[in-house]
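The block underneath contains the structure these notes are about, expressed in structure tokens.
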Amino acid sequence: MSATPGRRWTEDDGVHIDVRGLPAPEPLVAILELVGSMHDDGTVIVHHDRDPRMLYPELAELGWSAEPIDGDPGEVRLRLVRAS
């Protein structure tokens with residue numbers, strides 16, 4: 001699949017967002033906007049170039065958590081869920 005920066009789509013495992021190739025701080029902003037728009041307990045799957053360390057405290061403030069999951073080679077893929 002060819003990555004289009006900021007592209008969003010839905011699959012059975014949740015709403016996906018691909019922020020690879022976006023300059024800082026656009027990935028952080030795009031992910032937080034998506035999480036903020038979620039009105040249910042859905043899952044967000046993030047496709048990123050690197051470990052977004054600045055994202056984790058922001059997610060925690062919003063009541064979300066992140067866990068790394070398997071992704072493509074050279075990709076950091078995260079599953080974001082509302083913290084229980």
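Things to note:
- Scan of the stretch 44-84 for residues that are buried (at least 19 other Cβ atoms within 10 Å of the Cβ) and over 16 Å from G14 (Cβ atoms), ordered by number: P52, L55
- Residue check, D41 in contact (Cβ under 8 Å) with a residue 40 or more places away in the chain, of a type in the set (D, E, K, R) and exposed (fewer than 15 other Cβ atoms within 10 Å of the Cβ): yes
- Residue satisfying all of: in the stretch 75-84; in contact (Cβ under 8 Å) with a residue 12 or more places away in the chain and assigned to a loop (DSSP other than H, G, I, E, B); nearest to L28 (Cα to Cα) among these: E75
- Single residue of the stretch 18-67 satisfying the filter (in a helix (DSSP H, G or I) and acidic (D, E)) that is farthest from V81 (Cα to Cα): E26
Each reported figure results from applying straightforward, stated rules to the coordinates on display, with no laboratory input. None of the values given here were measured: they were computed from a predicted structure. Don't worry about glycine lacking a Cβ; one is built from the backbone with ideal geometry, like all the others, and counts go over all protein chains shown.
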